[in-house]
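Data block below; observations after.
The values are calculated or read from the model by the stated rules, or taken from the named source; none is laboratory data. Everything numeric here is computed off the predicted structure, so don't read it as measured data. Cβ sites come from the backbone with ideal geometry, for glycine too, and all protein chains shown count toward neighbours.
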Protein chains: 2
Amino acid sequence: MTRKKSTDYSDITPDALRKLIRKGSITSPTSGMCNGYAQANLVVLPKDKAFDFLLFAMRNPKACPLLEVTDPGSRELTYMAKNADIATDIPKYRVYENGELTGEYTDVSMLWRDDLVSFIIGCSFSFEWELINADIPVRHIEENCNVPMYNTNIECERAGAFHGNMVVSMRPIPYDLVSKAVLVTGAMPRVHGAPIHIGSPKAIGIRSIDAPDYGDPVTIKKNEVPVFWPCGVTPQAVVMASKPEFCITHSPGHMFVTDIKNVNLKY
Amino acid sequence: MTRKKSTDYSDITPDALRKLIRKGSITSPTSGMCNGYAQANLVVLPKDKAFDFLLFAMRNPKACPLLEVTDPGSRELTYMAKNADIATDIPKYRVYENGELTGEYTDVSMLWRDDLVSFIIGCSFSFEWELINADIPVRHIEENCNVPMYNTNIECERAGAFHGNMVVSMRPIPYDLVSKAVLVTGAMPRVHGAPIHIGSPKAIGIRSIDAPDYGDPVTIKKNEVPVFWPCGVTPQAVVMASKPEFCITHSPGHMFVTDIKNVNLKY
């Protein structure tokens, strides 16, 4: 998820933002838009893969926290947004066929099929909002780059065709704020929840903290410890590795903006 | 769920208990057995209904908190119990065909099919254990009867063939302990979580608090308020109403005893 400053749309409502995206007026990353509202990852799969993916998410709720799952074929959401159209309301989509990226689109309505099930998945933007509110520094935001993400040796629980290791994101936290960071994010299990690991990158199979597998490296200060959270890249990586015949996702950083405030994901 | 005193098996391990059940040595309700360990509801459905039921549970996590879902055909569990056999380790099962109860069995291995998916669902026994630990009275245990349960006007979120209203259980709580009861159970979302309603039975469509739709009436004292929790009878009622071609459940009160301590369902 790229996180570029985008102050223009910080104060409009999610509904208004989605209308602008639907018209094609916004095709950029959504970071900083609709301040306070949860943004979400999207994975769209044919019905014949949907049971296994739902099972995968159920068994790996930290890496793959489901916020909503649609009925097969439906482009509407019921809980996370009203009057939304999944096929048009994200600024940029990626389409994969048999695991290969075959195109990027600003609208996938012409590719829609009656057997598609959409999975709306929680995103760490929501807990970063809470961390900042609680005066806990979020380094990659301070340094205006992407969060560093790493492949690990932590195996996800398999479900049918879907299996693989967890991808984690890392935020350096001052020692005296680690417990607070655990409590703040632990209260938000619908957006990844508490850290999966605190302290030793090696213990979870990370060779070099300075060379993330995705995103950008960030500064770790002397009084800070690297803290690792389950990352929403995990389900995408797991789905791609299984090479489904057809799959649509959001394009990195181009998220679905919901009607739900981050603070309401705590309850 | 009947809750008769059964002190004989209160201190043995879940694994030892399940072996006795498997041999046919125990066919009685499980209340009071393996103190401190979570007991669970069972719903078994053919794969062709499993996606919709998983979706129903995902959309109604308070009434239908899933603890584990098996791979199709598998009689083994991975997370909630080791060396368990779903088809033999519950003291009494019910079998339904097209929504009609067609038999009770102490072993369903001869009825097992390769397309069956088992859903292990959290049970209020776990949070009652925590309430009692926290010195909050649980009336139906004091009065040695079933918890009172009621049909309500609270609609569950529909998923495919599965829809219906929520069934709730009621426990009278002294006014000065209501907040504590909310906090204790709210910390356990995997076993129904916080109350769904506090105070007015009428507001949720209950006509007479003295005439529960299932279970037994209990005394509500002068300084107490009726507190309502989502009930595990909801998914069973919803499944039966959809008249699946084939379905196995536990028999009321005859639960699956897991290897997981109640206290660990908080984390």
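The criterion of at least 1 residues that are among the charged types (D, E, K, R) and touching a Lys or Arg at 6+ places or on another chain (Cβ under 7 Å) is met by the following strands (runs of 3 or more DSSP E) wholly inside the range B:145-234: B:165-174. Among residues belonging to the range B:51-90 that are small (Gly, Ala, Ser) and in contact with a strand residue (DSSP E or B) (Cβ under 7 Å, 6 or more places away or on another chain), point out the one that is surrounded by the fewest Cβ atoms within 10 Å (Cβ to Cβ). Applying the filter and picking the extreme gives B:Gly73. From the list A:Arg207, A:Arg190, the lone residue that is loosely packed, with under 15 Cβ neighbours inside 10 Å and not assigned by TED's automatic domain parsing to the domain that holds A:Tyr37 is A:Arg207.
To keep it simple, each residue is scored yes or no on (1) more than 25 Å from A:Thr234 (Cβ to Cβ); (2) more than 14 Å from every other protein chain (Cβ to nearest Cβ); (3) in contact (Cβ under 8 Å) with a residue 24 or more places away in the chain.
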| site | (1), (2), (3) |
| --- | --- |
| A:Tyr37 | no, yes, yes |
| A:Leu42 | no, yes, yes |
| A:Ala50 | no, no, yes |
| A:Leu55 | no, no, yes |
| A:Pro61 | no, no, yes |
| A:Pro65 | no, no, yes |
| A:Thr70 | no, no, yes |
| A:Gly73 | yes, no, yes |
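Which condition from (1) among the small types (Gly, Ala, Ser); (2) more than 16 Å from the chain's Cα centre (by Cα); (3) more than 13 Å from chain A (Cβ to nearest Cβ) is the one that B:Ser124 breaks? So B:Ser124 meets the others, but not (2).
Among the residues of the range A:109-121, at least one is surrounded by 13 or more Cβ atoms within 10 Å (Cβ to Cβ), in contact (Cβ under 8 Å) with a residue 60 or more places away in the chain, of a type in the set (A, V, I, L, M) and more than 14 Å from chain B (Cβ to nearest Cβ). The condition of being out of contact with any strand residue (DSSP E or B) (no Cβ under 9 Å at 6 or more places or on another chain) and either closer than 23 Å to A:Arg158 by Cα or not in a loop (DSSP other than H, G, I, E, B) (or both) holds for A:Asp48.
Applying the set (1) out of contact with any Cys (no Cβ under 7 Å at 6 or more places or on another chain); (2) surrounded by fewer than 21 Cβ atoms within 10 Å (Cβ to Cβ) to B:Ile248 leaves exactly one unmet item: (2). So for the range A:228-237 (the condition being in contact (Cβ under 8 Å) with a residue 40 or more places away in the chain, over 21 Å from A:Leu55 (Cβ atoms) and away from chain B (no Cβ under 14 Å)), does at least one residue qualify? Among the residues of the range A:228-237, at least one is in contact (Cβ under 8 Å) with a residue 40 or more places away in the chain, over 21 Å from A:Leu55 (Cβ atoms) and away from chain B (no Cβ under 14 Å), which makes the answer yes.
The residue of the range B:215-266 that is farthest from the chain's Cα centre (by Cα), among those that are closer than 12 Å to B:Val43 by Cβ and small (Gly, Ala, Ser), is B:Ser242. As a summary of the residue check, A:Arg18 satisfies the conditions (1) basic (Lys, Arg); (2) over 28 Å from A:Ile141 (Cα atoms); (3) away from chain B (no Cβ under 14 Å) except for the one numbered (2). Screening B:Ile86 with (1) assigned to a loop (DSSP other than H, G, I, E, B); (2) more than 27 Å from A:Ser74 (Cβ to Cβ); (3) within 14 Å of another protein chain (Cβ to nearest Cβ) gives one miss only, at (3).
Within the range B:51-77, count every residue that is in a helix (DSSP H, G or I) and touching a Gly at 6+ places or on another chain (Cβ under 6 Å).
1
Checked against (1) modelled with pLDDT of 95 or more; (2) over 15 Å from the mean Cα position of the chain (by Cα); (3) assigned to a loop (DSSP other than H, G, I, E, B); (4) surrounded by 21 or more Cβ atoms within 10 Å (Cβ to Cβ), B:Ile21 passes all but condition (3).
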